[in-house]
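This report refers to the structure that appears directly beneath it.
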Amino acid sequence: MMMKASASFLPSLPPRTYGAPPSIMSAGSARSKTLSARSSSKPLSGGLLGHLSSKMDEASMALKDVPQRLLDVLVDATFEFTGQPLYPSESNFAPVDEIGEAIEIHQIEGAIPDDFPEGVYIRIGSNPLFGAQHSTTSIFGQSREIWVEGEGMLHALYFTKSTSGSSWSLSYANRYVQSETFKLETARQKPCFLPATEGDSAAIIAAFMFNYLRFGKVNKDIINTNVFEHAGRVFAVAENSLPHEIFIDSLDTGDTWDIDGEWDRPAFTAHPKVAPGSGDLVIYGINAKKPFLVIGVVSADGTKLKHRVDLKLDRCIFCHEIGVTPKYNVIMDVPLTFDISRLIKGGQLLQFEKESYARIGVMPRYGNADSVIWFNVEPFCMFHLINCFEEGDEVVVQGLRSPDSIIPGPRLALNKYGLSELTEDDKPMKQEINEEFFFRLYQWRLNLKTNCVSGEYLTGTEFSIEFPTINDQYTGLQHSYAYAQVVDSVTISCGKCVKVNPKYRGFAKFYLDKRNNTEISGANLIKTHYHWLSKDEFCSGATFVPRVGGSHEDDGWIISFVHDEKTNTSQVHIIDAQRFEDAPVAKIALPRRVPYGFHGTFITN
């Protein structure tokens, strides 16, 4: 998935409370006490006075709501919400309803392997409330939600073996992540938060102000990016909020997780990493005011924030992932930045600064800002790392790199023939393949003794790739295999709002230790196998599931949601990772359409 950029990284502000002026509040309070006293001294009139006291309390509460109601009326009169249209090629980006109780599944093509683990395959993604992502028009101009925004919905497939172990029982369920802002908008039965990520600068600033005045925060909590497990608890997360605990059996949403109050940042990484050896969880949070980036280390049992450090960056970067090795944290300081002063001057809040700098930092696990060794590299964009590990004096960093960013949404479209650029009248215009917006597997070697850095592409420009996954047992360790989804197309909507919705038509398996003796621009590329879906089929949420008792790194399966746009039906495919190019060992027909989404994970029982 290309990842989500949200304006909720603005400076954290004190929670706003809504109430009547102190004089009114105190008058109501004093009046209530007087009535109460009279009631006790004259019991015969107690019923009447009690009624009057109740009415006074109701009047006081009504007065407290006056500022809120006035702001609501002002916003409703000033801003017009419109749903962003979906075009035929975007049909499976449309949201779906919750189904309620889990539905049993009986239609399976092939067979689920006997040594497949029991557990839950769960994927999260954007499922906008009220039928669509929204834009607003007002006297301040236009603002709009970008393609990675939308309330988070969980889609879960449960794998349970019979008591005898001879057969499988499967069921499917879906559920919205019940964040506080989700509850607020569903209670009002309409979109309330003004879009505040992309658009005219005056409109975005107005959205910040009105959202904060009405709701105490500048943007809603979308919680649609990733699901992770730590210390036996499962969380849904996106960068613009704290993680929300999810109860897997019911998909109910619990409380937000702030590590017993020790993590007071307004944001939390969508990709925390378990450090090899210790089991500690390495996290970070960004903010548009200093400190811009803070790293934390949570204990293996999830009860304590063992370490916290401000990296003292001089800008707010959209850092989507952090790397770990047994001894180090790896920080990707890329020039995709949030900048409020740029917005005030008429620029964009979120922008890729091509002419700026990029660097990679290697920090001892419990180090401070001064302990980080920084390696300057050519500016690049990266949302997802594949892995990091130590090798001698070097730290090796692998990720999906592109020279430019498609977040928040460039005027470009990628299809299987190449790249198209929009003309002034918003009609696609074919041009030669442009590597600027291709994500390719790249590897850096950072020498901690010499402070030298080298880097090379490991894949070519034939296909753009995203959403990498590995066998998680090798996180932070030297490994041999990685997997990713292969980009098929990016759809475009016409008009002033250009949406870029990637779709993925298959999977790639990378043999990191094997070169295929193919050189492109001097790079010696690695061996790659592909697993292609049928025509009109596209995937999302792929993850690696290790075989029970498996003895090799690639001993397991790739599991993914797959949608057929021709039949408008959804399945889950299970692919043997060691027979990657073969047909799936199982195709599981789902009872409902599952929209394209972001990251998936498999949680074993």
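The values are calculated or read from the model by the stated rules, or taken from the named source; none is laboratory data. Model, not experiment: these values are computed from the prediction. In this analysis, Cβ positions are derived from the backbone assuming ideal geometry, glycine residues included, and neighbour counts consider all displayed protein chains. All accessible areas refer to the heavy atoms of the entire protein, side chains included, with ligands and DNA or RNA removed. Shrake-Rupley method; radii C 1.70, N 1.55, O 1.52, S 1.80 Å.
Total residues in the range 197-225 satisfying the condition of being among the charged types (D, E, K, R) and over 19 Å from ASP76 (Cβ atoms): the figure is 4. If I filter the range 567-574 for residues that are touching a strand residue (DSSP E or B) at 6+ places or on another chain (Cβ under 6 Å) and assigned to a loop (DSSP other than H, G, I, E, B), do I get at least one hit? No, because not a single residue in the range 567-574 is touching a strand residue (DSSP E or B) at 6+ places or on another chain (Cβ under 6 Å) and assigned to a loop (DSSP other than H, G, I, E, B).
Residues in the range 126-184 that are more than 29 Å from LYS503 (Cα to Cα) and of a type in the set (D, E, K, R): LYS161, GLU180, LYS183. VAL548 falls short on exactly one of the conditions (1) farther than 27 Å from GLN473 by Cα; (2) at pLDDT below 95; (3) surrounded by fewer than 20 Cβ atoms within 10 Å (Cβ to Cβ), and that condition is (1). Scanning the range 257-267 for residues that are surrounded by fewer than 18 Cβ atoms within 10 Å (Cβ to Cβ) and closer than 25 Å to ASP472 by Cα yields one hit, ASP258. Using the structure shown, decide if GLU378 is under 28 Å from ARG440 (Cα atoms), out of contact with any Pro (no Cβ under 6 Å at 6 or more places or on another chain), open to solvent by 10 Å² or more (accessible area, probe 1.4 Å) and of a type in the set (Asp, Glu). Yes. Residues of the range 338-360 include at least one that is closer than 21 Å to PRO276 by Cβ and either surrounded by 16 or more Cβ atoms within 10 Å (Cβ to Cβ) or in contact (Cβ under 8 Å) with a residue 60 or more places away in the chain (or both). Pairs meeting the criteria (first residue in the range 284-295 and open to solvent by 10 Å² or more (accessible area, probe 1.4 Å), second residue assigned to a strand (DSSP E or B) and among the β-branched types (Val, Ile, Thr), beta carbons under 9 Å, at least 6 apart or on different chains) are PHE292/ILE286; PHE292/ILE317. Within the range 68-91, residues that are closer than 13 Å to LEU194 by Cα have Cβ atoms under 7 Å from residues that are open to solvent by 90 Å² or more (accessible area, probe 1.4 Å) in these pairs: THR78/ILE139, counting only partners at least 6 apart in sequence or on another chain. The requirement of being surrounded by fewer than 19 Cβ atoms within 10 Å (Cβ to Cβ), without any contact (Cβ under 8 Å) to a residue 60 or more places away in the chain and within 25 Å of ASP260 (Cβ to Cβ) is satisfied by LYS304.
Residues in the range 235-254 that are within 18 Å of the chain's Cα centre (by Cα) and either open to solvent by 10 Å² or more (accessible area, probe 1.4 Å) or not aliphatic (A, V, I, L, M) (or both): 9 in all.
Please determine whether any residue of the range 579-599 is among the hydroxyl-bearing types (Ser, Thr, Tyr), touching a strand residue (DSSP E or B) at 6+ places or on another chain (Cβ under 8 Å) and over 26 Å from VAL237 (Cα atoms). No: zero hits. Inside the range 226-251, residues that are part of a loop (DSSP other than H, G, I, E, B), over 17 Å from GLY119 (Cβ atoms) and in contact with a strand residue (DSSP E or B) (Cβ under 6 Å, 6 or more places away or on another chain) make up a count of 2. Listed by position, the strands (runs of 3 or more DSSP E) inside the range 431-512 whose residues that are under 29 Å from THR197 (Cα atoms) and at pLDDT below 95 number at least 3 are 481-491.
Every residue, every condition in (1) under 25 Å from the mean Cα position of the chain (by Cα); (2) of a type in the set (Asp, Glu); (3) surrounded by fewer than 21 Cβ atoms within 10 Å (Cβ to Cβ); (4) modelled with pLDDT of 95 or more, yes or no:
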position: ASN517; (1), (2), (3), (4): no, no, yes, no
position: TRP532; (1), (2), (3), (4): no, no, yes, yes
position: VAL562; (1), (2), (3), (4): yes, no, no, yes
position: THR567; (1), (2), (3), (4): no, no, yes, yes
position: ILE574; (1), (2), (3), (4): yes, no, no, yes
position: VAL585; (1), (2), (3), (4): no, no, yes, yes
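When the residues of the range 358-383 are filtered to those that are out of contact with any Phe, Trp or Tyr (no Cβ under 7 Å at 6 or more places or on another chain) and modelled with pLDDT under 95, which remaining residue is farthest from GLN473 (Cα to Cα)? Residue satisfying both the conditions and the ranking: GLU378. A residue that is out of contact with any Ser or Thr (no Cβ under 9 Å at 6 or more places or on another chain), modelled with pLDDT under 60, open to solvent by less than 20 Å² (accessible area, probe 1.4 Å) and not in a loop (DSSP other than H, G, I, E, B) occurs somewhere in the range 401-418. In this structure, is GLU180 out of contact with any strand residue (DSSP E or B) (no Cβ under 7 Å at 6 or more places or on another chain) and open to solvent by less than 10 Å² (accessible area, probe 1.4 Å)? The answer is no for GLU180. State all residues of the range 352-407 that are more than 20 Å from PRO468 (Cα to Cα) and small (Gly, Ala, Ser); if no residue qualifies, say none. Correct list: SER356, ALA358, GLY361, GLY367, ALA369, SER371, GLY392. Among the residues of the range 205-229, the one identified as over 21 Å from the mean Cα position of the chain (by Cα), open to solvent by 40 Å² or more (accessible area, probe 1.4 Å) and not aliphatic (A, V, I, L, M) is TYR212.
All of ALA270, ALA202 fail the test of being within 25 Å of GLN133 (Cα to Cα), among the small types (Gly, Ala, Ser) and open to solvent by less than 10 Å² (accessible area, probe 1.4 Å), apart from ALA270.
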